[in-house]
Structures are given as C-alpha cells and as structure tokens.
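Reading through the structure tokens given below for one structure.
Values in this text are rule-based calculations from the coordinates and carry no lab data. None of these values were measured; they are calculated from a predicted model. We place every Cβ from the backbone using ideal geometry, glycine too, and count neighbours over all the protein chains shown.
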Amino acid sequence: MDFPSANFPITESSEPGKSINSVENFVQGEIFADIFPQMPALTPKKSIKQEERELLSKLPAFRVIRSTRRKRTLHAFRANGLIEIHIPDRLSRRQEIEVIPEMIDLVLKRENKLRKSDSTLFEMSDQILREFLPDFSERPISITWRSMRERWGSCTTVDKTIRISDRLNSAPEYVIRYVLFHELIHLRIAGHGDDFRELLARYPERQRAEAFLEGYEAGTVGAPDEILVLPPIYE
C-alpha cells in the first residue's frame, strides 16, 4: 500500500548518494538528550567595578598600595587591623583584582598558625600572677578572646571572668601579657586609682606595651614577609 509522502525536509549527507532525514535527527536528539552535555547559559562578562564591589562584600577589610619601585614581588600583612597589599604599579586593574583574594588568604592562614587559644591566655595568667602578683589570692574563672573594637580587655569582678580583644591575638606576647595583667588586677580593684596604678607599675615592659597599643600595629609580627612572587609581567 502506498502512503502519501510527507513533506519532511531532507538534509544532504556529506557522503555521495546519501541523505539524512532531519526528522530522524530530531528524534535521535530527543532519545539521547539525557547523555548530551548541558551547555551553560551565556552570561555577560562582569566589569572590573562589579568584580571589585563583590570582593569588598566578601573579603575582610583591606587596602591596596601600588609602588613604582616594586617590580615582581607582592607583600601582604595586617597593620592597624587592616590587611595591606603592596603590589607593583604596573599591574593592571584586572590583575590586581585577581591577586587580592590570594594575598588575603595567605595572610589569614599565617595568622591562624600564630593564633593563640583561650587556654594559652589562662596559662599566661598563671605565670603573671606568680611573677607579678604573688600576694593575690584572686583567680579568674575564665579568660576568653572576644570581638571588641573599643577596648583591649574587660573584667567582671563579680564572676571573675576576663575577656581580651581578639584584635591582639597576633600581637607580641609582651603586649598581650600587659593587657592580661591589667585585667587581672581588676579581679581585686575595680577602678583605676592610685592603688591600681601602683600595682600596674610592677609590669617591667609597661611603657613599651602602652606605646605599641597607642600605635596599634596588632597583627603585624616583625617586618612584612615577602609571600608571593609574580611571573614576568609584560608590557
């Protein structure tokens, strides 16, 4: 029995004498749709300003300092609570945005290695009490790091708990010990009168520690490390 021919378009094959029905191709496409890769939708490329705004929203506070004298090296360290990233001036804005997350990540990893625990603070307090306050019978119940932006430390005399600002976690030990010593005195004396200052004077590195706190370079340990070298930058 003859069937009327369907008006299906015919696609010519690359091989002579052969043709491929486009409907057949369409049906095969449906059959094998589950194994065909899904092509991602095309999205417009972000501008540098858009990428910069996204970085600022996701990363801790930082600033970039360009230097004409710097050629291939990058420095990153924390100063005054802010991560500073020093880069060669010839880096493009696109290159700058690309290296910022890597540099910040290196700084945070280095800080985590240096980070002191709550138990370390407690051990420090025992040493300080034996060394500078041997006449004290008062002892802290707990000493913890806390997020404090306005104060270096605090002490609650009633429950004998002490909190130290986490901004000082990577500060030199003599600074942490001084702030801790200050708060340990508050276990007995609530105010900052003559009796308090007399005890505080027992700390031998008091002036040095206070000078550090006034300048607030917490988190910077010694000179900044050279932590990344760029491949050659071509003009």
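A few points about this structure:
- Size of charge dipole - segment 118-204 - debye, nearest 20, with Cβ of Lys, Arg +1 and Asp, Glu -1, no other charges: 240
- Of 58/116; 58/113; 109/160, those spanning more than 29 Å from alpha-carbon to alpha-carbon: 109/160
- With distances taken between every two different alpha-carbon atoms, segment 67-141 has a Kirkwood hydrodynamic radius of 15.9 Å.
- Measuring spread by the Cα atoms of segment 118-204 yields a radius of gyration and Dmax of 11.9, 32 Å.
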